[in-house]
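Heads up: the structure comes next, in C-alpha coordinates.
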Amino acid sequence: MAEDNFSDSELIAYLDEMLPSEKMVELEQSLRDSDSMRQRLSRIAQRRDHGVHSVGEIWRRQRLSCPDREKLGSYLLDVLPADHREYIEFHLYTVGCRLCNANLNDLEQSVKATPEAQRRRRKFFQSSAGYLSQMGHSE
Ligand SMILES: [Zn+2]
(Lines give C-alpha, C1' and ligand atoms only; values in the text may rest on other atoms or scores of the structure.)
Protein backbone atom coordinates (compact mmCIF):
# COMPACT_ATOMS: atom_id res chain seq x y z
CA MET A 1 0.00 0.00 0.00
CA ALA A 2 1.10 3.52 -0.83
CA GLU A 3 1.04 4.82 2.74
CA ASP A 4 3.66 2.30 3.80
CA ASN A 5 6.16 4.12 1.63
CA PHE A 6 6.34 6.95 4.11
CA SER A 7 7.59 7.06 7.65
CA ASP A 8 6.24 9.38 10.32
CA SER A 9 9.38 11.45 10.16
CA GLU A 10 8.91 11.89 6.42
CA LEU A 11 5.38 13.11 7.04
CA ILE A 12 6.69 15.54 9.63
CA ALA A 13 9.34 16.70 7.22
CA TYR A 14 6.59 17.19 4.65
CA LEU A 15 4.66 19.39 7.07
CA ASP A 16 7.79 21.38 7.75
CA GLU A 17 8.45 21.62 4.00
CA MET A 18 11.76 19.89 4.44
CA LEU A 19 11.14 16.93 2.16
CA PRO A 20 13.08 16.63 -1.10
CA SER A 21 10.82 17.65 -3.99
CA GLU A 22 10.62 14.15 -5.51
CA LYS A 23 9.36 12.73 -2.22
CA MET A 24 7.03 15.67 -1.89
CA VAL A 25 5.40 14.86 -5.23
CA GLU A 26 5.14 11.17 -4.32
CA LEU A 27 3.59 11.98 -0.98
CA GLU A 28 1.10 14.43 -2.42
CA GLN A 29 0.09 11.79 -4.92
CA SER A 30 -0.58 9.27 -2.20
CA LEU A 31 -2.46 11.89 -0.16
CA ARG A 32 -4.76 12.38 -3.13
CA ASP A 33 -5.27 8.65 -3.48
CA SER A 34 -5.61 7.55 0.08
CA ASP A 35 -8.05 8.45 2.83
CA SER A 36 -6.06 6.73 5.50
CA MET A 37 -2.96 8.59 4.39
CA ARG A 38 -4.77 11.91 4.79
CA GLN A 39 -5.95 10.86 8.24
CA ARG A 40 -2.48 9.84 9.21
CA LEU A 41 -1.08 13.16 8.10
CA SER A 42 -3.71 15.11 9.99
CA ARG A 43 -3.03 13.13 13.18
CA ILE A 44 0.63 13.93 12.85
CA ALA A 45 -0.14 17.57 12.14
CA GLN A 46 -2.19 17.74 15.36
CA ARG A 47 0.55 16.24 17.49
CA ARG A 48 2.99 18.56 15.81
CA ASP A 49 0.84 21.58 16.68
CA HIS A 50 1.07 20.53 20.29
CA GLY A 51 4.83 20.58 19.99
CA VAL A 52 5.13 16.83 20.50
CA HIS A 53 6.43 15.79 17.19
CA SER A 54 7.96 18.58 15.17
CA VAL A 55 11.35 18.28 13.58
CA GLY A 56 12.46 21.14 15.79
CA GLU A 57 11.32 19.29 18.89
CA ILE A 58 13.12 16.11 17.94
CA TRP A 59 16.19 18.14 17.14
CA ARG A 60 16.07 19.83 20.54
CA ARG A 61 15.62 16.55 22.35
CA GLN A 62 18.53 14.90 20.59
CA ARG A 63 20.71 17.86 21.27
CA LEU A 64 20.04 17.96 24.97
CA SER A 65 22.70 15.33 25.53
CA CYS A 66 26.04 16.60 26.80
CA PRO A 67 29.08 16.83 24.53
CA ASP A 68 32.08 15.00 25.96
CA ARG A 69 35.09 16.78 27.36
CA GLU A 70 37.11 16.21 24.25
CA LYS A 71 34.45 17.99 22.17
CA LEU A 72 34.40 20.87 24.60
CA GLY A 73 38.17 21.09 24.33
CA SER A 74 37.98 21.17 20.54
CA TYR A 75 35.32 23.83 20.81
CA LEU A 76 37.65 25.95 22.92
CA LEU A 77 40.42 25.55 20.38
CA ASP A 78 38.01 26.46 17.61
CA VAL A 79 38.79 23.36 15.57
CA LEU A 80 35.27 21.95 15.28
CA PRO A 81 33.15 21.87 12.12
CA ALA A 82 30.44 24.54 12.15
CA ASP A 83 27.53 22.21 12.94
CA HIS A 84 29.31 20.76 15.98
CA ARG A 85 30.16 24.22 17.17
CA GLU A 86 26.54 25.29 16.82
CA TYR A 87 25.45 22.25 18.76
CA ILE A 88 27.82 23.02 21.60
CA GLU A 89 26.89 26.69 21.67
CA PHE A 90 23.23 25.72 21.71
CA HIS A 91 23.88 23.30 24.54
CA LEU A 92 25.98 25.73 26.56
CA TYR A 93 24.11 28.96 26.07
CA THR A 94 20.56 28.11 25.01
CA VAL A 95 20.05 24.99 27.08
CA GLY A 96 22.44 26.47 29.63
CA CYS A 97 23.82 23.16 30.84
CA ARG A 98 25.61 23.89 34.11
CA LEU A 99 27.72 20.78 34.01
CA CYS A 100 29.14 21.62 30.60
CA ASN A 101 29.63 25.28 31.46
CA ALA A 102 31.61 24.21 34.52
CA ASN A 103 33.56 21.74 32.41
CA LEU A 104 34.28 24.41 29.86
CA ASN A 105 35.56 26.85 32.48
CA ASP A 106 37.79 24.16 33.83
CA LEU A 107 39.11 23.30 30.38
CA GLU A 108 39.64 26.94 29.61
CA GLN A 109 41.98 27.22 32.55
CA SER A 110 44.07 24.24 31.50
CA VAL A 111 44.05 25.10 27.80
CA LYS A 112 45.41 28.56 28.53
CA ALA A 113 48.41 26.95 30.14
CA THR A 114 49.48 24.83 27.16
CA PRO A 115 51.84 26.09 24.42
CA GLU A 116 49.85 24.23 21.76
CA ALA A 117 46.81 26.34 22.52
CA GLN A 118 48.86 29.51 22.44
CA ARG A 119 50.23 28.55 19.04
CA ARG A 120 46.77 27.87 17.68
CA ARG A 121 45.47 31.05 19.13
CA ARG A 122 48.27 33.07 17.56
CA LYS A 123 47.56 31.40 14.24
CA PHE A 124 43.90 32.19 14.61
CA PHE A 125 44.55 35.86 15.30
CA GLN A 126 47.01 36.08 12.43
CA SER A 127 44.50 34.66 9.99
CA SER A 128 41.72 36.89 11.23
CA ALA A 129 44.02 39.91 11.01
CA GLY A 130 44.69 38.95 7.40
CA TYR A 131 41.02 38.54 6.78
CA LEU A 132 40.21 41.90 8.31
CA SER A 133 42.82 43.74 6.28
CA GLN A 134 41.40 42.15 3.13
CA MET A 135 38.01 43.41 4.16
CA GLY A 136 39.49 46.88 4.62
CA HIS A 137 40.95 46.87 1.11
CA SER A 138 37.68 45.98 -0.50
CA GLU A 139 35.83 48.89 1.06
ZN1 LIG B 1 25.79 19.42 29.19
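The values are calculated or read from the model by the stated rules, or taken from the named source; none is laboratory data. Treat the numbers as computed from the prediction; the structure is a model and nothing was measured. Because the Cβ atoms are built from the backbone with ideal geometry, glycine has one as well, and the counts that use them run over all protein chains shown.
Scanning segment 81-95 for residues that are more than 9 Å from the ligand (Cβ to nearest atom) and either not assigned by TED's automatic domain parsing to the domain that holds K71 or not in a helix (DSSP H, G or I) (or both) turns up just one, P81. Might you let me know whether segment 85-92 holds any residue that is loosely packed, with under 14 Cβ neighbours inside 10 Å and at pLDDT 80 or above? Yes: segment 85-92 contains one or more residues that are loosely packed, with under 14 Cβ neighbours inside 10 Å and at pLDDT 80 or above.
Consider E116 carefully, then state whether it is more than 15 Å from the ligand (Cβ to nearest atom), in contact with a Leu (Cβ under 9 Å, 6 or more places away or on another chain) and either at pLDDT 85 or above or part of a loop (DSSP other than H, G, I, E, B) (or both). Answer is no for this residue. For beta carbons closer than 7 Å, sequence separation of 6+ or different chains, a first residue in segment 31-48 that is closer than 14 Å to F6 by Cβ and a second that is loosely packed, with under 11 Cβ neighbours inside 10 Å, there are no qualifying pairs.
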